[in-house]
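The values are calculated or read from the model by the stated rules, or taken from the named source; none is laboratory data. Given the structure is predicted, the values throughout are model-derived calculations rather than measurements. Using ideal geometry, Cβ is built from the backbone for each residue, glycine included, and neighbour counts are taken over all protein chains shown.
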Amino acid sequence: MSRVPGSLAVLLLDQQAAIEVAIACQAFGTPPERHAGDWYDLRLCAIDGAGAMVGLRAWFDHQGPAGVFGSRADHGLDDLVSADTVVVPGTGDVHGDPPAEALAAVRAAHARGARMVSLCSGAFVLAAAGVLDGRTATCHWTHAPILADRFPAVTVDPNILYTPDPDVLTSAGLMAGIDLCLHLLREDLGAGVANAVARRMIVPPHRAGGQAQYMESPMSLPRNGSGLGEVLDWAMARLESPIGVGDIAARAGVSVRTLIRRFQAELGSTPSRWLIVQRLARARELLERTPLPVDLVAARSGLGSAPNLRAHFAREFGVSPTRYRRDHSHSLAAH
């Protein structure tokens, strides 16, 4: 089927995140200045057809009371089924399925060969329709465990910003939805158009790395109270020292083998992995909150040298420490 740029349908459902609907409209609704070629035929499609009002949420994280306001659709589901690209913004309910009519339309569009795109928790809609079966998908990292639990046929990767499959694409949170829209623009119309739209939206045309750099630091406390609590506090206070698994075992008064078993039981991790995660969390904090040079960040987080720190950041987050600091430099302004 023809696609570039072709018709692009945005599925409107009650209780969706309004900002994600707006992202799709901003990215694909109007061409940038001086663009002389073809542009997308944007369709806002709702179950009740053209003219239907859909109540959208004014917040992003699906929690707590917040304002709801309406968006009027200009097309029905038949126009979604016939579209070249279907975009599904975040759903308002990650624990339940959308109406059967919407799922049937999504399946039909996919069966026709439409490119299927989800923004954040819109992946739950694609998954409920069976579109993601046997595929790798992502969504906001806070919802990833729910997606994996509800749809075991889907391989959920919570570490990436978006999946680059040419026909079925999913994205992580709010900014990752913009990243994915810009990726589609690059694929369809070239880097020049994508960069022009990025400038209009005042966002970077491409971000490196994955979601891991935006996740909260992991908890350092063991499950349901055990003797590990004191030794973990001891280790946390000495992260910049060259302590290792043997030192932690000696502090706990057990063998290394016993310590490993207790870590697996209490934390679901190994002592060495726990140390790396905590040191990386310390390094991230130092990069965000201080102007310390990278070599001192490495030393104070217990990762030794700048090359070692860079290697861990590349492996865990997909970015360099310098790039991480640049992307999170807003934290420095507040300190």
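Values computed for the structure shown
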read-out: Contacts under 9 angstrom Cβ, first residue in region 91-113 being more than 15 Å from residue 127 (Cβ to Cβ), partner basic (Lys, Arg) and at pLDDT below 95, 6 or more apart; value: 92/57; 113/3
read-out: Residue check for residue 237: surrounded by 13 or more Cβ atoms within 10 Å (Cβ to Cβ) and hydrophobic (A, V, I, L, M, F, W, C); value: no
read-out: All positions within region 276-305 that are surrounded by 19 or more Cβ atoms within 10 Å (Cβ to Cβ), touching a residue at least 24 places away in the same chain (Cβ under 8 Å) and aliphatic (A, V, I, L, M); value: 280, 283, 287, 294, 297, 303
read-out: Residue 150 being within 19 Å of residue 10 (Cβ to Cβ) and modelled with pLDDT of 95 or more; value: no
read-out: Hey, residue 259 among the hydrophobic types (A, V, I, L, M, F, W, C), assigned to a loop (DSSP other than H, G, I, E, B) and more than 24 Å from the chain's Cα centre (by Cα) or not; value: no
read-out: Close pairs from region 24-48: first free of Cβ contacts under 8 Å to residues at least 24 places away in the same chain, partner in a helix (DSSP H, G or I) and of a type in the set (Lys, Arg), Cβ under 9 Å, at least 6 apart; value: 30/200
read-out: Region 181-195: number of residues that are surrounded by fewer than 19 Cβ atoms within 10 Å (Cβ to Cβ) and either part of a helix (DSSP H, G or I) or in contact (Cβ under 8 Å) with a residue 40 or more places away in the chain (or both); value: 5
read-out: Filtered residues of region 257-269 (kept if of a type outside the set (Phe, Trp, Tyr) and surrounded by 15 or more Cβ atoms within 10 Å (Cβ to Cβ)); value: 259, 260, 262, 266, 267, 269
read-out: Total residues in region 130-158, condition closer than 11 Å to residue 118 by Cβ and not in a loop (DSSP other than H, G, I, E, B); value: 2
read-out: The one condition in (1) at pLDDT below 90; (2) surrounded by 14 or more Cβ atoms within 10 Å (Cβ to Cβ); (3) over 20 Å from residue 298 (Cα atoms) that residue 249 fails to fulfil; value: (1)
read-out: Matching residues, region 146-176, being under 30 Å from residue 39 (Cα atoms) and in contact with a Phe, Trp or Tyr (Cβ under 8 Å, 6 or more places away or on another chain); value: 169, 170, 171, 172, 173, 174, 176
read-out: Subset of region 126-171 (residues that are within 10 Å of the chain's Cα centre (by Cα), among the β-branched types (Val, Ile, Thr) and buried (at least 24 other Cβ atoms within 10 Å of the Cβ)); value: 138, 170
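For (1) at pLDDT 85 or above; (2) more than 23 Å from the chain's Cα centre (by Cα); (3) closer than 30 Å to residue 267 by Cα, each residue gets a yes or a no:
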position: 180; (1), (2), (3): yes, no, no
position: 185; (1), (2), (3): yes, no, no
position: 200; (1), (2), (3): yes, no, no
position: 203; (1), (2), (3): no, no, no
position: 207; (1), (2), (3): no, no, no
position: 210; (1), (2), (3): no, no, yes
position: 218; (1), (2), (3): no, no, yes
position: 221; (1), (2), (3): no, yes, yes
position: 231; (1), (2), (3): yes, yes, yes
